[in-house]
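As structure tokens, the structure follows; a few thoughts come after it.
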Amino acid sequence: MIGGLKTNALVPGSKVLGFGDYRPARIVTNDELAKIVDTDDAWIRSRVGIVERRIAAPDETIIDMGVHAGGKAIAASGLTPGDIDLVIVATCSAESPMPAHAASIAHRLGIAAPGAYDLNAACAGFCYALASADAAVRTGTARNVLVIGAEKMSQWLDWTDRSTCIIFADGAGAAVVGAATEPGVGPVVWGSDGGQADKIVITGRAGSIRQEGQAVFRWATSAVAPVALAACERAGVRPEDLAALVPHQANLRIIEAIARRVGAVNAVVADDIVHSGNTSGASIPIALSHMLERGDVPSGAPALLVGFGAGLAYAAQVIQIP
């Protein structure tokens, strides 16, 4: 009882019950981009590590992609839509500011009257949403939470700007979080550096993505690894015991630099960016879903998730692989 009010019972922890993902059918290669901007396959591979990326159809929406990924995650979790009572959608590329994509996705999935909201922490969005889901389950606010990262970055690109159009892509990834007798989602380490918020921006309703690539690269390769190590420490997991390291799929050189600094020598390091591009808040769950499909990591093993991007926002936590 708090102040005479009855409170929901706390549960020991939460865990991820299943993942799902969706990537659009259209594949755009580096050679195709070389026809519209001054670039080539070798230049793109050497700077960001991308070979190809997925781009949504003009009439394919964030909601469409979120429904596909969310449905797969619910199926993988062994639950039904009726078991979900909270939906959180991490996105920074919304077609319109309201209504929330979460409510529409929940309706199309047949989830009745859930709590539903969108969250914008850009490329760190999925980690922020996962931490929020963990808190909701542990406090009894929700039983089972559907967390989705869904982005249509292509609609915010200037296709004549080679510094951005070669990087960003579209897709959705999702996870279901439920109660656990022991914590399966570790404490989040999160924060932001608003003094550098101008490094990655979309200005105005008609704007396109602009970023200061070198500044972002320097920040990500120096500031993100300590956050990742702090998340390991809070979870009580040594870096060498990690089975997987899943950083935001921003740039292959950034991913490799973070992996070296974290020292997760026995971990499979996600490199989904090579064939998926940078899908912002969707990149971590898409990469994890693909890892599970390939059997790269065993069930029950620890994985470190690290999100970072515009804001400049960052977040990291250790989870147990479902």
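The values are calculated or read from the model by the stated rules, or taken from the named source; none is laboratory data. Since this is a predicted model, take the numbers as computed values, not measurements. All Cβ positions, even for glycine, are placed from backbone atoms using ideal geometry, and neighbour counts span all protein chains on display. Protein only, heavy atoms only, side chains kept; ligands, DNA and RNA dropped before computing areas. Shrake-Rupley method; radii C 1.70, N 1.55, O 1.52, S 1.80 Å.
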- Query: If we keep just the residues of segment 214-230 that are without any contact (Cβ under 8 Å) to a residue 60 or more places away in the chain, small (Gly, Ala, Ser) and within 17 Å of Ala124 (Cα to Cα), which is least open to solvent (accessible area, probe 1.4 Å)?
  - Reply: Ala225
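Considering Ala303, Ala257, Ala282, which residue is in a helix (DSSP H, G or I) and open to solvent by less than 10 Å² (accessible area, probe 1.4 Å)? Show your work before the answer.
Values: Ala303 fails: in a helix (DSSP H, G or I); Ala257 fails: open to solvent by less than 10 Å² (accessible area, probe 1.4 Å).
Exactly one of Ala303, Ala257, Ala282 is in a helix (DSSP H, G or I) and open to solvent by less than 10 Å² (accessible area, probe 1.4 Å), namely Ala282.
Those residues that are within 30 Å of Asp40 (Cα to Cα) and among the aliphatic types (A, V, I, L, M), I need them from segment 167-196; list them, please.
Residues of segment 167-196 that are within 30 Å of Asp40 (Cα to Cα), as a first pass: 167-173.
Correct list: Ile167, Ala169, Ala172.
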- Task: Output yes when any residue across segment 270-278 is open to solvent by 10 Å² or more (accessible area, probe 1.4 Å), more than 30 Å from Val67 (Cα to Cα) and either touching a strand residue (DSSP E or B) at 6+ places or on another chain (Cβ under 6 Å) or not in a loop (DSSP other than H, G, I, E, B) (or both), and no when none is.
- Result: no
- Item | Matching residues in segment 74-107 - criterion: being of a type in the set (Asp, Glu) and within 16 Å of Thr61 (Cβ to Cβ) | Glu95
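Being at pLDDT below 95 and open to solvent by 40 Å² or more (accessible area, probe 1.4 Å) is the requirement here; does Leu10 meet it? Quick ask: steps written out before the conclusion?
Details: at pLDDT below 95: yes; open to solvent by 40 Å² or more (accessible area, probe 1.4 Å): yes.
When the stated conditions are applied, Leu10 passes them.
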- Query: Quick one: is Ala56 surrounded by fewer than 22 Cβ atoms within 10 Å (Cβ to Cβ), among the hydrophobic types (A, V, I, L, M, F, W, C) and in contact with an Asp or Glu (Cβ under 6 Å, 6 or more places away or on another chain)?
  - Reply: no
- Assuming Lys35 fulfils every condition listed in (1) surrounded by fewer than 18 Cβ atoms within 10 Å (Cβ to Cβ); (2) within 24 Å of Arg138 (Cα to Cα); (3) at pLDDT 95 or above apart from one, which condition is it? (2)
- Message: Every residue in segment 154-175 that is touching a Phe, Trp or Tyr at 6+ places or on another chain (Cβ under 8 Å), aliphatic (A, V, I, L, M) and open to solvent by less than 10 Å² (accessible area, probe 1.4 Å), please.
- Response: Ala172, Ala174, Ala175
